[in-house]
Amino acid sequence: MHVQDLDAAKAWYQDVIGHPPYFDEPFYVGFDISGYELGLHPHDGEHPGAGAVVAYWRVDDVSVEYDRLIAKGAKPHFEPVDVGDGIVAASIIDPFGNVLGLMYNPHFQAK
């Protein structure tokens, strides 16, 4: 995700994820989220914000996580909905304008 304030984005995501990045340099900050990469890039002419990228995080309860992120400063984008077959999805807009998807999929087994 391209962000205009790398330090602020790093602090927000560290608070949301609950641990610091595994890679932290001025040109890139990388978080390991259960074996998946969340990368933050400083704004470099690319347009940050909604529509640039949507990463979906697997969570156990989409509604609870959606509410938690809203309480931490995210804005609603797409409220939690059962999309079928037990899969629940939602999305928020982080404080830096990026869309972040949340998903519970009973068919997906995290390692």
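A short reminder: the numbers here are calculations on the coordinates, not readings from a lab. Being a predicted model, the structure only gives us computed values, none of them experimental. Because the Cβ atoms are built from the backbone with ideal geometry, glycine has one as well, and the counts that use them run over all protein chains shown.
Brief remarks on what is shown
- Ranked packing of 15-22, 67-74, most packed first, by mean Cβ within 10 Å: 67-74, 15-22
- For the chain, the longest principal axis of the alpha carbon atoms and the long axis of helix 6-17 meet at an angle near 30°.
- Considering only 31, 12, 57, the residue lying farthest towards the positive end of the dipole of the chain is 57, judged by Cα position with unit charges set on Cβ.
- Remark: spin-label model distance residue 24-residue 4 equals 2.4 nm, labels positioned 7 Å along the Cα→Cβ axis.
- Relative contact order, percent, the chain [alpha-carbon distance under 8 Å, six or more residues apart]: 26 percent
- Between residue 61 and residue 79, the simple label model (points 7 Å from Cα in the Cβ direction) yields a spacing of 1.9 nm.
- Tilt relative to the chain, helix 62-71 - C-alpha long axis, 0 to 90 degrees, to 10: 40 degrees
- Put a plus charge on the Cβ of each Lys and Arg, a minus charge on the Cβ of each Asp and Glu, and nothing anywhere else: the dipole of the chain about its Cα centre is then about 100 debye.
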